[in-house]
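Peer 1: To start, I am sharing the structure in question, which I have written as structure tokens.
The values are calculated or read from the model by the stated rules, or taken from the named source; none is laboratory data. Nothing here was measured: the structure is a model prediction, and the numbers come from that model. We place every Cβ from the backbone using ideal geometry, glycine too, and count neighbours over all the protein chains shown. The protein model used for the area step is the full one, side chains on, heavy atoms only, and it has no ligands, DNA or RNA in it. Shrake-Rupley method; radii C 1.70, N 1.55, O 1.52, S 1.80 Å.
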Amino acid sequence: MEKRYTHSDHEERIYALWEQSGAFAPSQKKGAKPYCIIMPPPNANDPLHIGHAMFVTVEDILIRYQRMRGRACLWLPGADHAGIETQFVFEKKLKKQGKSRMDYDRESLFRMIWDYVQENKGVATEQMKKLGASADWSRFTFTLDENVVRMVLDTFFQLHRDGLVYRDLRLVNFCTHCGTAFSDLEVKHVEQITPLYYMKYGPFTLATVRPETKFGDTAVAVNPKDPRYKQWIGKEVEVKGLLGQFRMRVIADDYVDPEFGTGVVKITPAHDPNDFEVWLRHRDEIPGPKQVIGFDGKLSTPAGKYAGLPVKKGREIVVRDLQAQGLLTKVDEQYRHILGVCYRCRTPIEPLPLPQFFIKVEPLVQKTLQSLQQKQVTVFGAGYGKTLKHWLENLKDWNVSRQIVWGIRMPVWYKIQSQKSKVKSQNNNIFVSFLNRKKNLVTGEVGTLLNDYTLTEIKGGLQSLRAPVDADYIVSPTPPGDHYLQETDTFDTWFSSAQWPAVTLQASRGKTAGKTESTREKQDDFQRFYPTDVMETAYDILIFWVMRMLMMGLYRTGSVPFRTVYLHGLIRDEQGRKMSKSLGNIINPLDVTSIYGADALRMALVIRSTAGQDKSVGEGDVRAMRNLTNKIWNAARFILMKRESTKHEARSTKPNGTSHSQISKADDRFFQQLSKVVDTVTNQLDHFRIGLAAETVYNEFWHWFCDECIERNKKQEISNNALLQGLIVFLKLMHPFVPFITEAAYQQLQEANPKKKRKELHPDLLISSPWPDRSA
RNA sequence: GGACUCGUAGCUCAGUGGUAGAGCGCUUCGUUGACAUCGAAGAGGCCAGAGGUUCGAUACCUCUCGAGUCCACCA
């Protein structure tokens, strides 16, 4: 054996051994209890970052541990199409070529992104293998696999049938830069100092941060209890504005805080969520949303001479004109204000009225809360069980429409009457944009366009459509006929992700079988492994993903998708700072493993980590764990050398006058202590105390087994055999954490074993060996 | 404004109802039969503060102070 353990000499070879042995596929042994973890699918388009390394490590530890405990383990890997994230990256690439998404019809664009993702797909998989992930790659599933898509569509169809889907006009969180709406969860809030403008408004003065939206005002509101304005309630007032005189109704609503500003609020239902709510409460009294900002982020026609100006510029000019006309009375320049921005590009989110599909969450939430209360799911991670509950109790309906092409297109169909038809259809006013045969962009209402184009041509070049809120539609997983236009919106990525545990287990049917099992054996994956055992992920997607998986899992299958949620913390740099590109403190896991080995990184990530708590990891930590791998190697080397040398010694010679009985007494104590260690580690792993288990095994191995026991063996106090047995136990205990070095050392022991010869074709592997008996 | 978490050795973090732990860093020794990616010895902590429960609290409860994260429609 080499004096030092060199990870690069072993890792690849060992991984191949594991893979060839079929150890990654669930055991078909009779009576083996199933154990299943569905891997959080990494973005198919991204290389791994340190967070991925963390989840690979934690999940691999659990899987390897349970596999050694004799469970039939399935760790099901996959990749995520990552909707907006991927399209965003792709559009950047297009931009470099001087192109944009507007140059292509949606089908071509989709195909281009598909091809682009295919090029990169597999990168993450290879990297996870380098980290030692013992996942069943034969069951690998992509979120846009045909059968996955089919099931997702089916779920939506069911939801619709059960009355849990509705289409309605709401103010959506629209990013005018990304060109799509987002769910509330995807809006980031930042504090800003924004000028608060006080302006004359008929007989009132009111305060606003958005004077440019005043063209969309449909009412003025005051608090019903405010004595200052009581006389005006229900009356119409004359207002002089930048576009001339107009009349405006005064309404009373509790939403108005008499203490803030002047106690008078202009109501702009098209551009402020609160105002929209006010309108809903006063539908009979006042006009509805009047949109004055377009989806392009510019002021639109109702803004008169200001139309065409981008919002920010528009505000400046409106303020200037207000001032010129003496309508501006005061400006509070120090006003602190929370602004919603796009989580991707930081563009201010524009609340805009858009008909969207929503899922009613109330019934789903009830079931989920119930399952939590009945302890059908346990959450590990600093207080996040409470967070989950809090969220569920306050959840709003889920907007699942996204205006991007890279995703699962909604199975929603609008019937279009042919131009010859005499029947007037309200769907004729669906607004479409498409590329005609000459690749020119054509936009307009479909009823009108049908005079010049066939429906087939429109369909072929379709970019997007926008159907009015009262459009007729049907939901169907398959095309209902030729005279239909399919909705161009796609599902929120999380809508399909929410169904991942059930869908992956059902989708692995019919795939190429792994080495040790037939396709038929895979057929009942769902039967066998659902509900799964553990969902392991970072706490930052608890709400986006875990919560929704619970809701949709319960809806689809009637039972929770997993029994345990283990949330790991974020990895920070050695100074405890978040990793970010701008700080330049990002650790690339593959850089680290190429220097120190995968085992070292794994152990550094996980040792002394706590569920739900962030952890800082620096190069020093990794180096220390690299040293551990070397320590393991050398302990094995010493014990092997001992065994070689004693073979040549005459058995009768008793060294140094130490008697057999003394040795066996010491051995007894050694074995007692050893079984205590086994017991402790087993308990810790059973209770998901992973960081603690890693620490225990580290300390016991290094500071007890090496520092004490090996030294006592040198003084002839502990027998060689005891030491060898102890080493094997420790290799097993450490294997889930540092699989490569432990397997490498174990193979060295095998080779030294004369019985090994006949096993050459099927070597004993540590990965498939049983976990040590507690009473060892 | 609401929720959650944290405050333990110089730094980064574990931990436990009953003499305080690890890694890194530091000091002094040490190349005799695994490992200098090592070993031995050591310095360094009123476990944020104040109350309470308890025979006993760093740990459980309450409050205070300090740090952080997430959420939030006051124009």
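Peer 1: Could you please state, rounded to a whole Å, how far the C-alpha centre of the stretch A:240-288 is from the C-alpha centre of the stretch A:577-600?
Peer 2: First find each Cα centre; the distance between them is then 53 Å.
Peer 1: Roughly how many whole Å is it from the C-alpha centroid of the stretch A:325-350 to that of the stretch A:372-403?
Peer 2: 32 Å
Peer 1: Report the net charge of residues surrounding A:L62, where surrounding means a beta-carbon distance below 14 angstrom and charges are Lys +1, Arg +1, Asp -1, Glu -1.
Peer 2: +2
Peer 1: Compute the Cα gyration tensor for the stretch A:557-625, then decide on rounded, prolate or oblate, letting a ≥ b ≥ c be the square roots of its eigenvalues: rounded whenever a/c is under 1.5, prolate when a/b is larger than b/c in the other cases, and oblate in all that remain.
Peer 2: It is prolate, given that a/c is not under 1.5 and a/b is the larger ratio.
Peer 1: Here is a follow-up. Considering every Cα-Cα pair within chain A, what fraction, in whole percent, is farther apart than 47 Å?
Peer 2: Roughly 36 percent, rounded to a whole number.
Peer 1: Right, another one. Quantify, in whole percent, the carbon and sulfur part of the accessible surface of the stretch A:222-306 (1.4 Å probe; protein heavy atoms only).
Peer 2: Ligands and nucleic acids excluded, carbon and sulfur reach 50 percent.
Peer 1: May I pose another question? Where both partners of a DSSP beta bridge lie in chain A, what percent of those bridges are antiparallel, to the nearest 5?
Peer 2: 75 percent
Peer 1: Which residue, A:A72, A:I38, A:G460, has the largest displacement toward the positive end of the dipole of chain A when charges sit on each Cβ (Lys, Arg +1; Asp, Glu -1)?
Peer 2: Of the listed residues, the answer is A:A72.
Peer 1: Out of the total accessible area of the stretch A:25-99 (probe 1.4 Å, heavy atoms of protein only), what percent is carbon and sulfur?
Peer 2: 52 percent
Peer 1: Let me ask something else about it. What whole-number value in Å² describes the accessible area per residue of chain A for a 1.4 Å probe?
Peer 2: Ligands and nucleic acids excluded, the figure is 45 Å² per residue.
Peer 1: When the chain is fully extended, how far beyond the present Cα-Cα distance does A:D482 get from A:K665, taking 0.36 nm per residue of separation?
Peer 2: Here the answer is 57.2 nm.
Peer 1: Only four residue types carry charge here, +1 at the Cβ of Lys and Arg and -1 at the Cβ of Asp and Glu. Report the dipole size of the stretch A:257-341 about the Cα centre in Debye, rounded to the nearest 20.
Peer 2: Value, rounded to 20: 400 debye.
Peer 1: About the Cα centre, and with charges only on the beta carbon of Lys, Arg (+1) and Asp, Glu (-1), how big is the dipole of chain A? Nearest 20 debye, please.
Peer 2: Once rounded to the nearest 20, the dipole reads 900 debye.
Peer 1: Shifting gears a bit: If you find the alpha carbon centre of the stretch A:532-557 and of the stretch A:716-756, how far apart are they in angstrom?
Peer 2: Taking the Cα centre of each part, the stretch A:532-557 and the stretch A:716-756 sit 39 Å apart.
Peer 1: Something else now. Could you sort out which of A:K99/A:K305; A:K200/A:K225; A:K225/A:K290; A:K95/A:K459; A:K214/A:K312; A:K121/A:K615 sit more than 20 Å apart by Cα distance in this structure?
Peer 2: As for pairs spanning more than 20 Å Cα to Cα, those are A:K99/A:K305; A:K200/A:K225; A:K225/A:K290; A:K95/A:K459; A:K121/A:K615.
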